[in-house]
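Beneath this line is the structure, given in structure tokens, with notes to follow.
Please treat every number below as a calculation from the coordinates, not as lab data. Nothing here was measured: the structure is a model prediction, and the numbers come from that model. When we count neighbours, we look across all protein chains shown, and the Cβ atoms used for this are built from the backbone with ideal geometry, even at glycine.
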Amino acid sequence: MNGPPDRGGRSQETCLEAFSPLLSFAGGMRREVGWPGLHRLSASAGRLFFGFSQGGVLTTSRLLSIVAASTLLLASCNRPQRPAAEQSDAAPVVRAQRVVSLVPSMTDAIVALDATDRLVGRTRYDTAPEVADLPSVGGGLDPSLEALIALEPDLVIGWESAEYRGLRSRLEAGGIGFHAASIEDTTDVFRSLDELGMLLDLSDRAARLSAAVRESLAVVSTAGLRHPKPTVFYALLGAPPRTAGRRTFVGQLIEIAGGIPAFAELYNGWPEVSLEAVLAAQPDVIVVPADDSATNVADAFTKKPGWRDLRAVREGRIVVIPTHLLNRPGPHLGSVARTLHEALVEAWGPAP
């Protein structure tokens, strides 16, 4: 599963000692102190991820803003790395040639590394044109073991989860390598790209991809919104609803995009939040992930008891973002941050 998990136990490694969007962004910058690639900002990276540049070239003022942001991050986020033994749970596969990724964000990363030719299968949730013709092994959490084995992969990528223990042991018994991905915050996104680069023997490409994503996030983090910053409630609807903890990649994206998580005191995971608590908090903006097939999501809030009493609902400050975009913590993180920022600008207003 990509996006908000129901299970716990994944690592929470974020530098959030200060409550600013830039310093929360440091959660994704910790492992490679100094933002590798920041000194070689390129017009191509600016065009690919955001378009905050002028004429396809990042302006001098924007560049200085990003460099200043990086300096702040370095000063505020000087934390030691995890021991090497804790950083990866990768099977000893060298230059994997036949890969099946059960994690859509990792599939996206393989495509972004220009290594689509290494993929021999996909899940039903992988819909990118580059992998459309590959055979499906079913769901990400419930793949067909028979279909997997028939594809003769030398590496299968899945989640670090109890659900995979049986599958992993059967694959490894058959000589198939298994890499367990664990992605909870932006730090994990960059770590997973590093690990993927090592598994595919494409570390240089992975480093360049990570640098481009960092640059794009830095550009968004300097864009800003109207003051005061809006409190943003990320709503996973249910009974009771859930939201994104501040140390998750969604919580960090909200801050990078210029908002403040409505329940900033909730740091970890995807906690339940009562409707009464949401009503008491009165968030300025509500962000809702929805499938492409969903219609009139925002209008539905006006008919829901309790929800319709929120000022954000009455004043139409509901942001609906496709689930497949917001809940994939991978190489498109910068594009997601930009989309979220633009939606918050429309709902709340740009920086003066």
What's log10 of I(q)/I(0) for the stretch 90-181 at q = 0.12, 0.21, 0.22 Å⁻¹, Debye sum over Cα points only, no solvent?
-0.30, -0.98, -1.09
Reported to two decimal places, what Rg/Rh ratio describes the stretch 264-352 when computed on Cα atoms with Rh from the Kirkwood expression?
0.97
Quick one: 3J(HN,Hα) in Hz for the stretch 134-144, Karplus 6.51/-1.76/1.60 with θ = phi - 60°, rounded, Gly and Pro as x.
7, x, 8, 9, x, x, x, 9, 10, x, 7
Applying 1/(1 + (r/R0)^6) with R0 = 22 Å to the Cβ-Cβ distance of THR127 and ALA147, what FRET efficiency is obtained, to the nearest 0.05?
0.75
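Students often check this: by mean Cβ neighbours within 10 Å, which of 280-286, 240-246, 301-307 ranks highest, and how do the rest follow?
240-246, 280-286, 301-307
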Using mean Cβ contacts within 10 Å as the protection proxy, how do 313-324, 98-109 order, highest first?
98-109, 313-324
Ordered by packing density, taken as the mean number of other Cβ atoms within 10 Å over each peptide's residues, highest first, how do 135-148, 193-206, 330-343 rank?
330-343, 193-206, 135-148
How far apart, in nm, are the 7 Å Cα→Cβ label points at THR302 and HIS324?
2.9 nm
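Compute the signed sum of charges (Lys and Arg +1, Asp and Glu -1) over the other residues within less than 13 Å, Cβ to Cβ, of ARG226.
0
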The local net charge around TRP307, scoring Lys/Arg +1 and Asp/Glu -1 for residues other than TRP307 whose Cβ lies under 14 Å from its Cβ, equals +2
